[in-house]
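One structure below.
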Amino acid sequence: MNARVVSVRVKQILVVEDNEDDSRLFEIFLKEADPSGVSLKHSPTVADALDVLKDQGEEIDCILLDLTLPDSFGLDGFEMIKKGFPKIPIVICSGTQDETVAMEALQSGGQDYLIKGKFDSHLLFRSILYAIERQDMLSKLEEQAFLIKENEKRYRLIFEHNPHPIVLYDYDCEGILDLNQETERIYGYERDELLHMKFSDLFISASGERRQYLALHNGKNIPETHVHRSKEGTPLLMEITSYRFQLEGKEVVLAILVDMTKWKQSEDSLIQSLRDKEALLQEIHHRVKNNLQIMASLLNLQANYAKNKEVTRELRDTESRIYSMSLVHNELYNSKNLAEIGLNSYVDKLLDNLWNVYGIGSEIGRVVDVGNLSLAVEKALPIGMMINEIATNSIKYAYSEKKKGQFYIKAKSGNGIFYLEVGDDGKGIPDYSQIEAKETLGLQLIRILSKQLKAKLDINTSAPGTRFQIEFAY
């Protein structure tokens, strides 16, 4: 006794058979195999079957077809139904045992060919069930094939219309397998020419010799920059990102190239322009420094000829102020960095000049503790002038009652704040309130310059010495 098969969903079967006895037998067999899982519809002719399929084709899971019908003979009816409804599987059930017809039917898309009287309920049901499963599988495969084909078209469009050259080549022999139209445009070769070339043929070394591409590991590789050449021999600076993988059993590399030639030319042009501007700026600083030094020299000469000591002193003071400004431009002229100057070198030279102008020897020592700090030009100039005023006042007034002393400058930075402390260990300024009321030129300059820096200024005049503390945003 055959085992009964229970289906998950009711199968809709269209029986195309003009013999009522055979139709009734098919129904008995199928009900016996799966009582609740099969529903049958009957059509005595191909024409009637086509009408049923037009109205209810979405519901039909399988067609059980006899080849000898009133309106068709042989495979005619099969071909008509198959042509109109190719997605519905057809199982042929014929009374004729003709191997040629059976082979033609199966080759034309028939799922099975049964001979009447030579099958039972189990075989019939299994044939129909397998026909449905095979058709479902075939439909899925066709759908997948369609999606694959669509994806291939999509990726081909992306490949062909990519704005950068793309080359696919054999990893072992470096023969070019495929390329996009941008590769043709950039290199100037025809597609057929490139397909007969090696990827290494596109390279050219600095000496003019061809070079081999570097070994690549699987997957994405780090972008590299190399010099290529066009068909006309024009050098091309190309950045190459390579992807090594297997395709159809072959090790291949997909190279995506970015033409850096114009970018490099623009970069070189900008660098040259920057160098020209730096040279021009250095020349400007040089000329400003020379002009200021000429002014300082003129004041020095005038001071030498002046007979009034007060005039001489004022001329010396003005000379030192001008020198402090010229020194900024001198430091910038001799520096590679035109935006900042080193504070240590600047302060040392500034104090050297003051000690020389006022004839100060080693009796007044100097302590400069500024580390490796640098200042932008717009801050270095006012800081230099402030140090100049404070140091000048110390030289002139702090040590009138003693022969020896020490002048110091300390600077540090932290949390975006620049801290500067300038002072001496002299006698201090006991009558500071009176001096402040008079607003001497030196003190005026210090206050004006501190406001220019938006700095906090604190002056301590109590002995021993005078101390100026300056803080501003760095």
- What are the residue pairs meeting all of these: first residue in the range 217-235, first residue touching a residue at least 12 places away in the same chain (Cβ under 8 Å) and farther than 15 Å from Leu254 by Cβ, second residue of a type in the set (Gly, Ala, Ser) and open to solvent by less than 80 Å² (accessible area, probe 1.4 Å), Cβ atoms under 7 Å, and 6 or more apart or on different chains? Ser230/Gly188; Lys231/Gly188; Glu232/Gly188
- Residue list for the range 106-129, filter: surrounded by 15 or more Cβ atoms within 10 Å (Cβ to Cβ) and either more than 20 Å from Ala49 (Cα to Cα) or touching a residue at least 60 places away in the same chain (Cβ under 8 Å) (or both): Lys116, Phe119, Ser121, His122, Leu123, Leu124, Phe125, Arg126, Ser127, Ile128, Leu129
- Selection over the range 356-369 where residues are touching a residue at least 12 places away in the same chain (Cβ under 8 Å) and assigned to a loop (DSSP other than H, G, I, E, B) yields a count of 3
- Item | Glu331 being buried (at least 18 other Cβ atoms within 10 Å of the Cβ), of a type in the set (Asp, Glu) and either in a loop (DSSP other than H, G, I, E, B) or out of contact with any Lys or Arg (no Cβ under 6 Å at 6 or more places or on another chain) (or both) | yes
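So which residues in the range 89-127 are in a loop (DSSP other than H, G, I, E, B), polar (S, T, N, Q) and out of contact with any helix residue (DSSP H, G or I) (no Cβ under 8 Å at 6 or more places or on another chain)? Steps first, please.
Within the range 89-127, the subset in a loop (DSSP other than H, G, I, E, B) is 89, 95-98, 108-111, 116-120.
This time we only want the ones that are polar (S, T, N, Q), so: 96-97, 108, 111.
Scanning the range 89-127 gives Thr96, Gln97.
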- Which condition number does Leu274 fail, the rest of (1) modelled with pLDDT of 80 or more; (2) surrounded by fewer than 18 Cβ atoms within 10 Å (Cβ to Cβ); (3) of a type in the set (A, V, I, L, M); (4) within 49 Å of the chain's Cα centre (by Cα) being met? (1)
- Message: Anything in the range 398-416 that is open to solvent by 50 Å² or more (accessible area, probe 1.4 Å) and either at pLDDT below 80 or over 15 Å from Pro464 (Cβ atoms) (or both)? List them, or say none.
- Response: Ser400, Glu401, Lys402, Lys403, Lys410, Lys412, Ser413, Asn415
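Per-residue answers, yes or no, for (1) out of contact with any Cys (no Cβ under 9 Å at 6 or more places or on another chain); (2) open to solvent by less than 50 Å² (accessible area, probe 1.4 Å); (3) farther than 24 Å from Cys173 by Cα:
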| position | (1), (2), (3) |
| --- | --- |
| Ser230 | yes, yes, no |
| Phe245 | yes, no, no |
| Gly249 | yes, no, no |
| Val252 | yes, yes, no |
| Lys262 | yes, no, yes |
| Lys289 | yes, yes, yes |
| Ile294 | yes, no, yes |
| Arg313 | yes, no, yes |
| Arg316 | yes, yes, yes |
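Restricting to the range 25-46, count the residues that are open to solvent by less than 50 Å² (accessible area, probe 1.4 Å), among the aliphatic types (A, V, I, L, M) and over 17 Å from Lys11 (Cα atoms). Show your work before the answer.
Of the residues in the range 25-46, the ones open to solvent by less than 50 Å² (accessible area, probe 1.4 Å) are 26, 29-30, 33-34, 37-40, 43, 45-46.
Subset that is among the aliphatic types (A, V, I, L, M): 30, 33, 38, 40, 46.
Adding the requirement that they be over 17 Å from Lys11 (Cα atoms) leaves 46.
Total satisfying the criteria: 1.
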- Task: Considering each of Leu168, Leu141 in turn, give the residue that is within 26 Å of the chain's Cα centre (by Cα) and either closer than 30 Å to Pro89 by Cβ or open to solvent by less than 40 Å² (accessible area, probe 1.4 Å) (or both).
- Result: Leu168
- Query: Any idea which residue in the range 59-105 is farthest from Ser139 (Cα to Cα), counting only those that are open to solvent by less than 40 Å² (accessible area, probe 1.4 Å) and acidic (Asp, Glu)?
  - Reply: Asp66
- Run down Asn353, Asn372, Asn337 and say which single residue is open to solvent by 10 Å² or more (accessible area, probe 1.4 Å), at pLDDT below 85, farther than 19 Å from Gly465 by Cα and not in a helix (DSSP H, G or I). Asn337
- Task: Exactly one condition in (1) more than 30 Å from Pro163 (Cα to Cα); (2) among the hydroxyl-bearing types (Ser, Thr, Tyr); (3) at pLDDT 75 or above is not met by Thr241; state its number.
- Result: (1)
- Query: With (1) over 46 Å from the mean Cα position of the chain (by Cα); (2) at positive phi as the list, and Asn415 as the residue in question, which single condition is left unmet?
  - Reply: (1)
- Restricted to the range 232-243 and to residues being touching a Leu at 6+ places or on another chain (Cβ under 9 Å) and hydrophobic (A, V, I, L, M, F, W, C), the residue surrounded by the fewest Cβ atoms within 10 Å (Cβ to Cβ) is Leu236
- Message: Contact list please: Cβ distance under 7 Å, first residue in the range 407-420 and in a strand (DSSP E or B), second residue among the basic types (Lys, Arg), pairs at least six apart or on different chains.
- Response: Phe407/Arg366; Tyr419/Lys412
- Lys403 versus (1) of a type outside the set (Val, Ile, Thr); (2) in contact with a strand residue (DSSP E or B) (Cβ under 8 Å, 6 or more places away or on another chain); (3) not in a helix (DSSP H, G or I): which is the lone unmet condition? (2)
- Taking the range 156-177, which residues are of a type in the set (Ser, Thr, Tyr) and not in a loop (DSSP other than H, G, I, E, B)? Tyr169
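The values are calculated or read from the model by the stated rules, or taken from the named source; none is laboratory data. Bear in mind that the values here come from a model prediction, so they are computed numbers and not experimental data. So basically every Cβ, Gly included, is an ideal-geometry build from the backbone, and we count neighbours across all protein chains shown. Quick note on the areas: whole protein, heavy atoms, side chains included, nothing else; ligands and nucleic acids left out. Shrake-Rupley method; radii C 1.70, N 1.55, O 1.52, S 1.80 Å.
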